[in-house]
Amino acid sequence: MRLDKFISEMGYTRKDAELFIKRKRITINNQVALKKDEKVDEVNDIICLDGKMLKYSKYVYIMLNKPAGVLSATDDKTQKTVISLLPETLQNKGLFPVGRLDKETMGLLILTNDGNFCHRVISPKSNVSKVYKFELADEIDEIKIKQIEQGIELKDGYTTLPCKINMQNTKCGKITITEGKYHQIRRMFGAVGNKVVYLERLQEGKIILDQSLKRGEWRELAPNEINID
Ligand code: URA
């Protein structure tokens with residue numbers, strides 16, 4: 001690939017790349033790079049900026065603290081998507097959300113361009129558990145909680161798998177599910193005549209929402225988070 005493309009894939013703009021090269025800040029295998037259209041081998045060449053190696057990674061893994069009111073989609077004609085919350089340098093990397101959150105649901109959303117990783121996380125076979133914090137419109141009793149925990153039939157006839165609910169009080173709690181059906185948690189509580197008024201994903205597998213991220217903020221996943229199994 002071209003040197004300026006390589007540098008821009010490391011999170012810099014093409015303009016930055018051009019400047020770095022002009023100012024002789026880039027070396028390829030210890031030789032100062034002179035041309036922006038120079039061809040580099042992104043896997044085998046050692047490319048440095050100010051002496052520090054730029055490590056090429058084909059895939060990007062992002063943790064986003066999704067705010068309410070934003071679509072978990074890559075593009076939409078009228079509505080704001082999660083991709084628009086990322087800097088320009090990440091917007092052209094083919095990222096997509098790993099499992100969707102409803103427009104009004106907040107919290108942990110992973111974005112990647114690694115299809116295998118996505119499959120591993122959302123495939124029903126993977127059994128990856130997801131923890132959500134919720135608040136209900138009305139108080140809920142133990143009997144209804146047990147009904148949901150055991151698996152509840154939704155309006156479309158589907159019966160959910162067993163799950164775990166820990167109530168903090170009669171309206172708020174945490175629920176752990178291992179599935180990802182459309183509007184699942186809202187429909188589970190809907191099936192017992194209640195309504196979810198607040199929903200936030202806190203954890204997916206071993207990936208825990210980084211509490212230092214404000215709504216709309218993101219960071220890259222650490223290597224130990226990417227290995228989700
Ligand atoms: N369940 C829902 O109802 N909505 C979500 O966004 C995630 C799980």
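The values are calculated or read from the model by the stated rules, or taken from the named source; none is laboratory data. Because the structure is predicted, anything quoted here is derived from the model rather than measured. No Cβ is skipped: glycine too gets one built from the backbone with ideal geometry, and neighbour counts run over all protein chains shown. The area values use the complete protein model at the heavy-atom level, side chains included, leaving out ligands, DNA and RNA. Shrake-Rupley method; radii C 1.70, N 1.55, O 1.52, S 1.80 Å.
One line per residue, one yes/no per condition, for (1) away from the ligand (no atom under 16 Å from the Cβ); (2) assigned to a strand (DSSP E or B); (3) under 24 Å from S72 (Cα atoms):
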site: V121; (1), (2), (3): no, no, yes
site: K125; (1), (2), (3): yes, no, yes
site: V131; (1), (2), (3): no, yes, yes
site: K146; (1), (2), (3): yes, no, no
site: R187; (1), (2), (3): no, no, yes
site: L199; (1), (2), (3): no, yes, yes
site: K214; (1), (2), (3): yes, no, yes
Only unsatisfied item for I208, checking (1) touching a Leu at 6+ places or on another chain (Cβ under 6 Å); (2) of a type in the set (A, V, I, L, M); (3) farther than 27 Å from T159 by Cα, is (1)
Does E135 satisfy the criteria of being surrounded by fewer than 16 Cβ atoms within 10 Å (Cβ to Cβ), in contact (Cβ under 8 Å) with a residue 24 or more places away in the chain and not assigned by TED's automatic domain parsing to the domain that holds P67? yes
Looking at L101, is it closer than 30 Å to I185 by Cβ and either open to solvent by less than 20 Å² (accessible area, probe 1.4 Å) or not in a helix (DSSP H, G or I) (or both)? yes
Please work out which residue is nearest to the ligand (Cβ to nearest atom), limiting yourself to segment 84-119 and to residues that are among the hydrophobic types (A, V, I, L, M, F, W, C) and closer than 15 Å to Q203 by Cβ. L101
Residue under evaluation D138, criteria (1) assigned to a loop (DSSP other than H, G, I, E, B); (2) within 16 Å of the ligand (Cβ to nearest atom), criterion not met: (2)
Of the residues in segment 192-224, those that are more than 18 Å from K133 (Cβ to Cβ) and surrounded by 17 or more Cβ atoms within 10 Å (Cβ to Cβ) number 2
Filter segment 20-45 down to the residues that are surrounded by 13 or more Cβ atoms within 10 Å (Cβ to Cβ) and among the aliphatic types (A, V, I, L, M) and list them by number. I21, I26, I28, A33, V40
